[in-house]
Amino acid sequence: MIVQAADDPLAAGYCVSLVLDHASLVADGLSLPSGDDVRITWVDGSSEEELDRVLAPGAVWGGANTRIWFPLRVGLDAGASDAGYRLYLGNASAGPAPADPDNVWRFWDDFEGGALDSARWSTSSDNAPGVVGGQLRVSGVTTVENQYRLFGISSTRSFTPGFLVQSEFSIVDQSTTAWQNWKGGFGLGTSTLGINTDGTTDKMVQYYDGTWQDVADSTLDARTFSAVVAQARLANGDVLHFEDGVLVAQRSVGDTQDATLSFTFGPDSANQDYDVRFDNIFVRPYVASDAQILVLLSQ
């Protein structure tokens with residue numbers, strides 16, 4: 001395989017992805033249904049090192065578009081390439097491959113542990129979130145006292161700008177009034193970029209600086225839904241907001257300080273019920289030319 005950088009240099013540990021038609025490979029007898037035989041290595045002269053690789057959240061072995069992520073072993077200058085990566089398939093006796101998310105992502109949580117990990121997260125809301133069915137659940141009924149608060153979690157770690165944070169977000173249930181009023185944060189916090197409705201069902205990507213400021217229209221308009229939301233903080237202070245893989249908002253903040261993460265939700269009205277979920281949160285390095293990075297299969 002050849003990994004080629006675009007307009008930005010990539011540091012060692014930068015995460016890149018590869019999409020395989022694993023269903024066809026399995027059907028042709030070229031790969032195991034378990035994916036155990038799918039291995040990625042990096043060759044340096046006479047030595048070869050196997051790298052951890054993980055499935056993208058939501059991806060499965062045996063799929064037509066199985067995406068796997070792995071870290072770069074060494075950095076790349078802008079525009080440079082490295083042909084030292086190898087993809088191996090077809091070992092019928094292969095055991096489980098190295099697949100430790102901690103060796104791929106900067107930070108992650110799939111909430112499969114049954115309880116909120118206090119080493120990763122803190123809470124500051126009176127409607128305390130919990131882990132249900134492998135998801136973070138933020139739910140409750142607002143009161144007159146807390147109707148304007150945001151309920152959820154914050155990371156115990158901070159991150160240097162030049163990262164992307166992604167989560168799966170779903171609204172399972174909410175009252176009609178909550179649907180018209182909800183606000184939410186998806187990693188970077190609502191003072192940077194969040195979602196707010198200003199009392200309508202048409203959601204907007206906004207930021208809060210004492211009042212809510214519109215940046216762009218959001219696609220998250222339904223009363224209940226599931227979506228993948230990602231936000232990036234670049235080293236130059238720009239922030240980006242993606243919904244289901246599409247960039248929908250960008251803002252120049254000018255803030256290049258390290259940042260903690262927050263995942264929050266709240267109706268702006270009293271006596272409103274809500275039930276929302278966050279899942280498969282991960283943080284990876286990110287540069288402005290990320291979408292132009294190429295991972296090419298070669299003979």
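Filtered by the rule that a residue be touching a strand residue (DSSP E or B) at 6+ places or on another chain (Cβ under 9 Å) and of a type in the set (Val, Ile, Thr), segment 25-65 gives 38, 40, 41, 43, 54, 60.
For residue 156, are the conditions met, namely being under 28 Å from residue 214 (Cα atoms) and out of contact with any Leu (no Cβ under 6 Å at 6 or more places or on another chain)? Criteria not met by residue 156. Only one entry in 237, 189, 185 is within 24 Å of residue 290 (Cα to Cα), at pLDDT 95 or above and open to solvent by less than 60 Å² (accessible area, probe 1.4 Å), namely 185. Can you name every one of the strands (runs of 3 or more DSSP E) wholly within segment 100-145 that holds 1 or more residues which are of a type in the set (Ser, Thr, Tyr) and closer than 20 Å to residue 13 by Cβ? No strands (runs of 3 or more DSSP E) qualify here.
A quick yes/no check of all residues on (1) surrounded by 18 or more Cβ atoms within 10 Å (Cβ to Cβ); (2) modelled with pLDDT under 95; (3) over 20 Å from the mean Cα position of the chain (by Cα):
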residue	(1), (2), (3)
50	no, no, yes
54	yes, no, no
74	no, no, yes
78	no, no, yes
93	no, yes, yes
117	no, yes, no
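Residues in segment 124-133 that are at pLDDT 90 or above and either in contact with a Pro (Cβ under 9 Å, 6 or more places away or on another chain) or not aliphatic (A, V, I, L, M) (or both) were compared, and the one that is farthest from residue 259 (Cα to Cα) is 133.
On the stretch given as segment 193-207, residues that are under 22 Å from the mean Cα position of the chain (by Cα) and open to solvent by less than 10 Å² (accessible area, probe 1.4 Å) total 7.
Yes or no, residue by residue, for (1) open to solvent by less than 40 Å² (accessible area, probe 1.4 Å); (2) part of a loop (DSSP other than H, G, I, E, B); (3) free of Cβ contacts under 8 Å to residues at least 40 places away in the same chain; (4) of a type in the set (Lys, Arg):
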| residue | (1), (2), (3), (4) |
| --- | --- |
| 213 | no, no, yes, no |
| 219 | no, yes, yes, no |
| 227 | yes, no, no, no |
| 261 | yes, no, no, no |
| 274 | yes, no, no, no |
| 284 | yes, no, no, yes |
| 287 | yes, yes, no, no |
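The values are calculated or read from the model by the stated rules, or taken from the named source; none is laboratory data. Just so it is clear, the structure is predicted and the values come from calculations on it, not from any experiment. Note that each Cβ is placed from the backbone with ideal geometry, even for glycine, and that neighbours are counted across all protein chains shown. Surface areas here come from the heavy atoms of the whole protein model, side chains and all, with no ligands, DNA or RNA. Shrake-Rupley method; radii C 1.70, N 1.55, O 1.52, S 1.80 Å.
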